[in-house]
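Below you'll find the structure, written out as structure tokens, and then a few comments.
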Amino acid sequence: MADLPRALAAARGDEPVDLLLRNARLVNVMSGEIHSADIAVAAGLVVGWDEPGWDGPTWNGPGGPRKTNRVIDLDGRFVAPGFIDAHVHIESSMVPPAEFARAVVPRGVTTVITDPHEIGNVLGLQGIRFMLREAARAPLDIWVNAPSCVPATALETSGARLEAADLAELLAEPRVLGLAEVMNFPGVVGGDPGVLAKLDAFRRRHLDGHCPGLTGRALHAYATAGIRNDHEATTVVEARAKLRAGLTVFLREATNARNLRALLPVISAVTERHLCLCTDDRQPADLLEEGSIDHLIRIAIGEGIEPVTAFRLGTLNTAEHYGLHDRGAVAPGRRADLVVFSDLSAPRAEIVFRGGVEVARDGKLLHDPPRPPAAALPRTVHLDPDRLDFAIPATSDRIRVIGAIPDQLLTQSLEMDAAVKDGLAVADPHRDLLKMAVVERHHGTGRTGLGFVRGIGLREGAIASTVAHDHHNLVVIGADDSSMHTAARAVAEADGGLAVARGGEVLALLPLPLAGLMSDRPIEEVRDRMLALLAAAHGLGASLRDPFMAMSFLALEVIPSLKLTDVGLVDVERFAVVPLFV
């Protein structure tokens with residue numbers, strides 16, 4: 001550490017500190033206490049504190065008031081370590097890293113561990129390196145795990161393919177911690193050579209997990225591969241099974257996977273040090289209105305979790321899990337990533353420090369980071385809207401139907417009577433039976449998977465998007481083919497984005513020109529256009545809080561139980577394409 005001599009001198013009291021936070025109440029995640037402290041910061045580090053009324057052992061070093069270059073009297077406000085998100089896909093915020101920071105840093109988030117597999121599935125290493133470059137421009141510490149599943153499986157078509165040798169190139173990047181969520185859990189359990197090669201390339205690094213519903217010997221095999229965490233648990237029983245198998249469990253509260261409250265009962269004096277908080281996928285409105293890790297901490301405290309424990313889940317535990325031992329606590333020698341707030345029962349950041357520098361106050365960054373140039377990435381939507389064909393010849397009177405579940409990534413595998421007209425299977429919005437299509441958009445093949453979904457609620461019109469985890473092909477759901485064509489065309493002509501249409505009219509559109517995933521506009525503008533999209537979709541009858549986020553996961557064939565990709569209808573439990581007609 002270049003400034004260690006100065007930090008030590010400031011800690012001893014021989015030299016002035018850069019900042020003194022006087023009259024603070026320190027949330028000490030190491031000792032489990034909240035105690036009074038005048039917190040001293042120098043060279044970007046916490047170098048100690050003075051405790052009024054301390055009657056413990058002392059050392060006969062320099063005494064008297066500290067010399068300081070700046071004093072902030074907190075008048076009894078609380079100080080906690082900067083919040084750390086254990087697992088987040090920045091692309092889901094629909095803005096690049098620096099703009100994402102504008103939303104989360106004022107909320108007290110100072111470090112995130114991100115998996116850029118969304119853009120990796122569109123643009124491969126080019127997209128990942130774009131995210132690394134943009135991360136350097138952000139007033140936020142962004143650590144990256146290399147995407148393990150590009151593509152997620154062989155049952156989809158992505159824009160790129162990254163094998164072990166490709167991923168190994170990222171090991172030289174200073175911000176790369178390890179290998180991101182290994183979603184191909186059947187490949188791990190079955191010993192697939194390609195999957196094992198990726199694990200071996202990152203053997204000395206962190207190996208992140210993703211194994212929804214995995215139990216018994218299969219779970220044990222997954223953990224035997226060296227994977228050490230999972231963020232897909234949805235029940236206490238599942239979370240406890242994964243803890244027993246030695247996995248650290250990330251408690252998730254995303255836009256469309258709201259699992260935190262259901263999992264809070266797993267927290268105990270023994271388990272809590274093996275639990276972390278993560279947001280996974282959060283869209284702009286939720287980030288700006290609810291928050292990030294701060295929102296999860298408020299939920300935990302509001303549901304009865306002891307406050308210091310709640311803070312530890314969102315700070316120290318994650319730092320230690322990833323070996324980031326320079327942060328995660330307000331303690332001497334740790335980075336001065338600090339959050340100041342007034343209400344312990346519902347903490348909301350009022351001042352945020354990053355490395356001892358004040359970066360946000362009263363909900364706003366003090367200095368806005370630059371946005372990337374509009375031409376930072378190439379066009380990524382390659383399809384001819386005139387060639388789209390959503391017709392489904394009926395070959396039976398029974399069909400398999402994806403059942404969407406509110407606020408969950410899991411789906412049901414249903415069977416329903418087909419609605420047949422002129423020999424074609426069509427949507428039947430009166431029964432909440434909508435047509436769904438996934439169109440390959442990376443290579444210009446136009447290959448289209450067709451199926452049906454229940455639980456979206458549209459009575460008319462259609463919605464479309466190029467955000468479709470994890471392959472990010474063009475996905476469209478509608479009550480009639482004409483509306484589906486209109487929505488799909490609008491998204492294609494915008495080179496990616498989200499759209500709502502009715503008949504031949506586009507009702508709302510959000511362009512996402514950066515890989516079809518992110519906007520080059522301020523996050524507030526993206527939020528407003530997203531709210532307009534949601535209002536238009538709800539006006540057409542959509543019953544889910546966010547039908548676009550729900551739609552994006554209906555194409556993810558690694559989460560049970562029935563999903564649709566450009567290859568076809570996927571039975572996730574069988575890990576195979578199955579016929580639409582029964």
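The values are calculated or read from the model by the stated rules, or taken from the named source; none is laboratory data. Fair warning: this is a prediction, and the values are worked out from it, not measured in the lab. Glycine also receives a Cβ, built like all others from the backbone with ideal geometry; neighbour counts cover every protein chain displayed. Just so you know, the surface numbers come from the protein's heavy atoms only, side chains and all, with ligands and any DNA or RNA stripped out. Shrake-Rupley method; radii C 1.70, N 1.55, O 1.52, S 1.80 Å.
With respect to the numbered conditions (1) open to solvent by 10 Å² or more (accessible area, probe 1.4 Å); (2) out of contact with any Leu (no Cβ under 8 Å at 6 or more places or on another chain); (3) not hydrophobic (A, V, I, L, M, F, W, C), which one is the sole condition not fulfilled by HIS210?
Exception for HIS210: condition (1).
Quick test for you: out of PRO97, PRO116, pick the one residue that is farther than 26 Å from VAL438 by Cβ and either in contact with a strand residue (DSSP E or B) (Cβ under 9 Å, 6 or more places away or on another chain) or surrounded by 24 or more Cβ atoms within 10 Å (Cβ to Cβ) (or both).
Result of the check over PRO97, PRO116: PRO97.
Could you give every pair whose Cβ atoms fall below 8 Å, whose first residue belongs to the range 175-191 and is touching a residue at least 60 places away in the same chain (Cβ under 8 Å) and among the aliphatic types (A, V, I, L, M), and whose second residue is in a helix (DSSP H, G or I) and surrounded by 19 or more Cβ atoms within 10 Å (Cβ to Cβ), counting only separations of at least 6 or pairs across chains?
ALA180/HIS117
Just one of ARG361, ARG298, ARG387, ARG348 is closer than 30 Å to SER465 by Cα and surrounded by fewer than 19 Cβ atoms within 10 Å (Cβ to Cβ); which is it?
Just one listed residue meets the conditions, ARG387.
With VAL109, VAL105 as the choices, which residue is of a type outside the set (S, T, N, Q), touching a Ser or Thr at 6+ places or on another chain (Cβ under 6 Å) and either open to solvent by less than 10 Å² (accessible area, probe 1.4 Å) or closer than 28 Å to LEU313 by Cβ (or both)?
Every option except VAL109 fails the conditions.
What is the residue count in the range 336-382 for residues that are part of a loop (DSSP other than H, G, I, E, B) and either hydroxyl-bearing (Ser, Thr, Tyr) or in contact with a His (Cβ under 9 Å, 6 or more places away or on another chain) (or both)?
5
Restricting attention to the range 155-167, does a residue exist that is surrounded by fewer than 16 Cβ atoms within 10 Å (Cβ to Cβ), under 22 Å from ASP85 (Cα atoms) and either at pLDDT 95 or above or not acidic (Asp, Glu) (or both)?
no
Just the residues that are buried (at least 24 other Cβ atoms within 10 Å of the Cβ) and under 29 Å from VAL150 (Cα atoms), please, taken from the range 429-451.
Across the range 429-451, the qualifying residues are LYS435, MET436, ALA437, VAL438, VAL439, ARG441, GLY449, GLY451.
For the range 533-557, enumerate the residues that are within 23 Å of the chain's Cα centre (by Cα), small (Gly, Ala, Ser) and farther than 14 Å from LEU434 by Cβ.
Passing the criteria: SER552, ALA555.
Answer yes or no as to whether ASP337 is touching a residue at least 40 places away in the same chain (Cβ under 8 Å), over 23 Å from ALA555 (Cβ atoms) and open to solvent by 70 Å² or more (accessible area, probe 1.4 Å).
Here the answer is no, as ASP337 does not meet what is asked.
Residues to consider are THR271, THR315, THR279, THR309; find the one that is in contact with a Pro (Cβ under 7 Å, 6 or more places away or on another chain), at pLDDT 95 or above and hydroxyl-bearing (Ser, Thr, Tyr).
THR315
If a residue must be closer than 19 Å to ASN256 by Cβ and assigned to a strand (DSSP E or B), how many such residues does the range 415-438 contain?
3
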